[in-house]
Amino acid sequence: MVKPTVIVAYYSTYGHIKQLAHKVVEGLNSAGNVDVKLYQIKETLSNEVLAKMYAPPQDTTVPFLTPEILAEADAFLLGMPTRFGSMPAQVKAFWDSTGGLWAAGKLVGKMGGMFFSTASQSGGQETTALVSLTNFVHHGIIYVPLGFTHNNLFDLTEVIGGSAYGSGTVAAGDGSRQPSAKELEVAVHQGKSFAAIVAKYYN
């Protein structure tokens with residue numbers, strides 16, 4: 001039996017989303033019923049601008065996602081930070097490059113989900129997903145939310161990112177807060193849960 005291919009693609013300015021992405025991959029691989037590939041979305045800012053933002057240059061060890069690569073996958077999970085409660089320009093630029101896929105219907109029927117990083121608890125963990133859904137809808141992508149399927153999403157004893165829309169982390173305004181153990185647990189769970197749904201759909 002051929003396993004469906006799931007792409008995890010992320011854009012990460014300061015590394016928070018990158019950490020979540022690796023945990024999502026861990027969850028997908030632990031399920032054992034999908035093949036997993038990791039990609040990143042290309043930076044649109046120069047290294048000079050990134051330096052002024054106190055952000056590191058983009059990691060070049062992870063290959064860049066292209067529309068053609070996305071079209072080859074059966075499903076995908078897309079990770080991104082937020083910008084004023086919406087997707088960052090880098091992710092928007094990627095979606096804007098998929099016009100050819102839209103015209104040919106190449107993404108129709110594929111499954112997709114998302115995960116996020118925000119500066120604060122009310123910084124866009126849900127609105128970023130809602131704004132991003134327009135791209136899913138126009139392409140005919142089947143959105144697979146996380147749902148409230150992990151107990152950490154009900155935990156009120158500490159700050160925990162994530163929502164029914166997808167796993168997440170709260171990075172603080174200066175990026176000083178790193179993903180917590182509980183947030184990383186939810187990311188692993190999202191990968192494992194997504195794999196189960198995709199495998200059921202494709203088999």
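Label reach from LYS200 (point 7 Å along Cα→C-beta): in region 141-174, amide nitrogens under 19 Å belong to 142-151, 164-167.
Protein-only accessible surface at a 1.4 angstrom probe places the residues LYS106, LYS52 in the order LYS52, LYS106, largest first. Counting only protein heavy atoms and a 1.4 Å probe, region 1-87 has 49 square angstrom of accessible area per residue.
The GluC sites (Glu not before Pro) found in region 112-203 that occupy coil by DSSP, while having at most 14 further C-beta atoms within 10 Å, are GLU158. Rounded is the label for region 8-152, because the ratio a/c of its alpha-carbon gyration tensor axes (a ≥ b ≥ c) stays below 1.5. Applying a threshold of 25 Å to the alpha-carbon distances of LYS23/LYS200; LYS42/LYS182; LYS18/LYS42; LYS37/LYS200; LYS42/LYS200; LYS18/LYS192 flags LYS42/LYS182; LYS42/LYS200 as lying beyond it.
Give me the accessible area of THR13, 1.4 Å probe, in Å² rounded to the nearest 10. Roughly 10 Å² of THR13 is accessible to a 1.4 Å probe. Straightening the chain between TRP102 and LEU130 buys 8.1 nm, computed as 0.36 nm per residue apart minus the Cα-Cα spacing. Shown are ILE197, ILE141, whose ranking by accessible area with a 1.4 Å probe and every protein chain present, most to least, is ILE197, ILE141.
Restricting the chymotrypsin sites (Phe, Trp or Tyr not before Pro) of region 89-178 to loop positions (DSSP other than H, G, I, E, B) with no more than 16 neighbouring Cβ atoms within 10 Å leaves PHE148.
Residues LEU156, LEU78 ordered from highest to lowest accessible area at a 1.4 Å probe: LEU156, LEU78. Taking all protein chains as shown and a probe of 1.4 angstrom, THR44 keeps an accessible surface of around 80 Å². Could you give the distance between the Cα centres of region 166-196 and region 99-145, to the whole Å? Computed from Cα coordinates, the inter-centre distance equals 18 Å. Provide the percentage of antiparallel DSSP beta bridges, counting only those with both residues in region 1-105; round to the nearest 5. If I count the DSSP bridges inside region 1-105, around 10 percent turn out antiparallel. Ranking ALA71, ALA89, THR44 by how far each Cα lies toward the positive end of the dipole of the chain (charges on Cβ) leaves ALA71 at the top. Ignoring everything but the protein chains, give the 1.4 Å probe accessible area of ILE142 in square angstrom, nearest 10. So the heavy atoms of ILE142 present about 60 Å² to solvent.
The values are calculated or read from the model by the stated rules, or taken from the named source; none is laboratory data. Since the model is a prediction, treat every value here as computed from it, not as a measurement. Ideal geometry is used to build each Cβ from the backbone, glycine not excepted, and the neighbour counts take in all protein chains shown. Ligands, DNA and RNA are stripped out before the accessible areas are found, and what is left, the full protein with its side chains, is counted by its heavy atoms. Shrake-Rupley method; radii C 1.70, N 1.55, O 1.52, S 1.80 Å.
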